[in-house]
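Enquirer: Pasting a structure here, questions to come.
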Amino acid sequence: MIIWITGLPGSGKTTLAKRLKSTLEKNILNKIIHLDGDNLRGILPCDISYSNKDRKKLAIFYSELALLIEKSNCIVICSFVALFHSVHENTRLKANEYFEIFLDPSLDELIKKNKKGLYSEKSDYMLNQFSKHEFPKYPDLRVNSILNGIYQDNLTEIKNKLYKKFKILNT
């Protein structure tokens, strides 16, 4: 099973992934692996820029890595920006089981929070990358993850939908 958590930078992907992993480990016997974009980018043996071309290459690598780990009977929780339709669709098609969560706070909330300094008008991210994102067409769940400046993980709703879709006993 691959649980793919995607959304804009600062939307809470890593936080949600860590909490979800902890919750699932209490109820599921499979090994659960969390792959995080910031962590993986930090250990790659080559320089990868933030250009759209390199970001797509990296997203494809993340997808293939998750699929490889899933074959070892592990549950893989992915927390990546990786906003490319082709990557989402390819992963969904190849995975044994796939559940996509799109964290979708308003841009106003991200600008207020601006945790990584990406959302100022003149940042490279806003000028060159923001408009190139391909937001998920058919996520299994869309979550407004920041409300009034406060992170909302919707963990109970996510857990219930996951358990229902994959017929996991909810304890």
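Enquirer: Report, by residue number, each residue of the stretch 16-47 that is of a type in the set (A, V, I, L, M, F, W, C) and surrounded by 13 or more Cβ atoms within 10 Å (Cβ to Cβ).
Expert: First, the residues of the stretch 16-47 that are of a type in the set (A, V, I, L, M, F, W, C): 16-17, 20, 24, 28-29, 32-33, 35, 40, 43-44, 46.
Correct list: L16, A17, L20, L24, I28, I32, I33, L35, L40.
Enquirer: Among the residues of the stretch 130-167, which ones are over 23 Å from I75 (Cα atoms), open to solvent by 30 Å² or more (accessible area, probe 1.4 Å) and assigned to a loop (DSSP other than H, G, I, E, B)?
Expert: Passing the criteria: E134, F135, K137, N144, N148, G149, Q152.
Enquirer: OK, next. Pairs please, first residue from the stretch 152-171 and closer than 14 Å to K26 by Cα and at pLDDT 85 or above, second anywhere and open to solvent by 40 Å² or more (accessible area, probe 1.4 Å) and of a type in the set (D, E), Cβ atoms under 7 Å, 6+ apart in sequence or on different chains.
Expert: none
Enquirer: Looking at (1) touching a residue at least 60 places away in the same chain (Cβ under 8 Å); (2) open to solvent by less than 20 Å² (accessible area, probe 1.4 Å), find the lone condition where K113 falls short.
Expert: That leaves (2) as the condition not met.
Enquirer: In the stretch 76-89, how many residues are open to solvent by less than 10 Å² (accessible area, probe 1.4 Å) and over 19 Å from S11 (Cα atoms)?
Expert: The number of residues fulfilling the criteria is 2.
Enquirer: Sticking with this one: Looking for something within 13 Å of the chain's Cα centre (by Cα) and more than 21 Å from E97 (Cα to Cα) - is there at least one such residue anywhere in the stretch 15-31?
Expert: yes
Enquirer: May I ask you to list pairs of residues, at least six apart or on different chains, whose Cβ atoms are under 7 Å apart, with the first in the stretch 60-81 being closer than 18 Å to R41 by Cβ and the second being aromatic (F, W, Y) and assigned to a loop (DSSP other than H, G, I, E, B)?
Expert: Taking only residues 6 or more apart or on different chains, the pairs are Y62/F80.
Enquirer: Could you list, in sequence order, all residues of the stretch 79-112 that are part of a strand (DSSP E or B) and not β-branched (V, I, T)?
Expert: Answer for the stretch 79-112, where residues must be part of a strand (DSSP E or B) and not β-branched (V, I, T): S79, Y98, F99, E100, F102, L103.
The values are calculated or read from the model by the stated rules, or taken from the named source; none is laboratory data. Quick caveat: nothing in here was measured; it's all calculated off a predicted structure. Glycine gets a Cβ as well: all are built from the backbone with ideal geometry, and neighbour counts include every protein chain shown. Each accessible area value is taken on the protein alone, full model and side chains, heavy atoms only, with ligands, DNA and RNA left out. Shrake-Rupley method; radii C 1.70, N 1.55, O 1.52, S 1.80 Å.
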